[in-house]
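Trainee: Attaching a single structure in structure tokens format; questions to follow.
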Amino acid sequence: MRFEFELARELGMTHANLVRSMSGSEFAHWIALYQIEHRERERAQKRSEAKARARRMSRCAPASASSAS
């Protein structure tokens, strides 16, 4: 139900207009699109976190033995 209201707001219409004017098939396609976008955002976030973690670890790594001599 919440998704219906969010989609109505996104499309600039009332919930009643959305329900009245959109077929079940079209609504299912909107749900699929939002699910795909959600997974893409999650993947991008995980990649960003992994890169930040790698940068932090490279800054904290001890100096190599060859630079000590």
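Trainee: Mind listing whichever residues of region 15-34 are open to solvent by 90 Å² or more (accessible area, probe 1.4 Å) and within 17 Å of Phe5 (Cβ to Cβ)?
Mentor: Arg20
Trainee: Give me the pairs: first residue in region 1-27 and at negative phi, second residue outside any loop (DSSP other than H, G, I, E, B) and among the small types (Gly, Ala, Ser), beta-carbon distance under 7 Å, and six or more apart or on different chains, which are they?
Mentor: Close Cβ pairs satisfying both conditions: Thr14/Ala8; His15/Ala8; Leu18/Ala8.
The values are calculated or read from the model by the stated rules, or taken from the named source; none is laboratory data. Remember, it's a predicted structure, so these values are computed and weren't measured experimentally. A quick note on method: Cβ atoms are made from the backbone with ideal geometry, for glycine too, and the neighbour counts reach across all protein chains shown. Each accessible area value is taken on the protein alone, full model and side chains, heavy atoms only, with ligands, DNA and RNA left out. Shrake-Rupley method; radii C 1.70, N 1.55, O 1.52, S 1.80 Å.
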